[in-house]
Amino acid sequence: MLWLSLFFAFFALIAVFKTIRIVPQQHAYVVERLGKYHSTLGAGLHIVIPFIDAIQYKHSLKEIVLDIEEQVCITRDNVQVNIDGVIFFQVMDPKAASYGVANFVPAIIQLAKTTLRSEIGKIDLDQTFEERGAINVAVVDAIDQATDPWGVKVLRYEIKSITPPRDVLEAMEKQMRAEREKRAQVLASEGDRDSKINRAEGFKQEAIKEAEGQADAILKIAKAKAEGLRLVATAINEPGGDEAVRLRVAEEYVKEFGKLAKESNTMIVPADAAGLSNMVATAMSVIQQAKSKTSA
């Protein structure tokens, strides 16, 4: 009888173990009763009927990350590139994920591969590097529509690397070097042009300043001469002005005549002794006429 008691105790322990189910946080268990879907158990403690209810599927409700292995894709311009990526998805409906597809994980991986090949085939090689964001969005939209009946939500897809063939890489490097050299030449020519423009502008400003300086000097000289003539005219009208003018004219005549004698090997003398007095008289006559016109 002891062995029978042990048998019933063991059976009761198994029944209790199968009756009480604890579901972890962010998980969901799908229960079938007699082979048919019965319920979905969320996080917490649950009671099921042993040997009648069975937990057939266990799903994690966390965001799942899958690596999409490298594959060969052909661009629109017939260039083969190796592309790998990573996809993020989450189970939203445990029942649909259990019965919508046999195994949604490999199904999502295959969808990601085929969709990526399709999207890469629509663009040229250069665009694959420039439009990664657009490619990622297109892959997510296409896969998400396909996985919606499975109760799975595709959150995002990211391309990890794009590797063209070696000869294409070498051609791209040559093209980039040529572009850099071209930009360097353009910058050098622009710098030389700016330098020439600055020098020309400097010469222009210098010429303008020099012309303004010369004009200012001429104006000052003219003003000085005019002021001198005005002072002479004023002095003539004052008492003793005529005698001072005569003396000044005589001094200048003697001074210039002396210079002429020094600079020439020929001795020049006045035609008569009265030449000096005649010259002074002529000069004074001119001054008197000017004075008369000024007074009038």
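The values are calculated or read from the model by the stated rules, or taken from the named source; none is laboratory data. Since this is a predicted model, take the numbers as computed values, not measurements. FYI the Cβ positions are ideal-geometry reconstructions off the backbone, even for glycines, and counts take in every protein chain you see.
Please verify whether segment 34-46 includes one or more residues that are in a strand (DSSP E or B) and either in contact (Cβ under 8 Å) with a residue 60 or more places away in the chain or within 30 Å of K122 (Cα to Cα) (or both).
yes
Look at N82 and say whether it is farther than 25 Å from Q56 by Cα, in contact with a Ser or Thr (Cβ under 6 Å, 6 or more places away or on another chain) and either in the same structural domain as T147 (by TED's automatic domain parsing) or of a type in the set (K, R) (or both).
Here the answer is yes, as N82 does meet what is asked.
Keeping to segment 47-79, report how many residues are outside the structural domain of I108 (by TED's automatic domain parsing) and at pLDDT below 90.
8
Kindly list the number of the only condition in (1) over 12 Å from R117 (Cα atoms); (2) buried (at least 16 other Cβ atoms within 10 Å of the Cβ) that fails for K95.
The failed condition is (2).
In the list V101, V72, V91, which residue meets the criterion of being of a type in the set (A, V, I, L, M) and under 35 Å from the mean Cα position of the chain (by Cα)?
V72
Of all residues in segment 137-170 being part of a helix (DSSP H, G or I) and of a type in the set (G, A, S), which is farthest from I120 (Cα to Cα)?
Result: A146.
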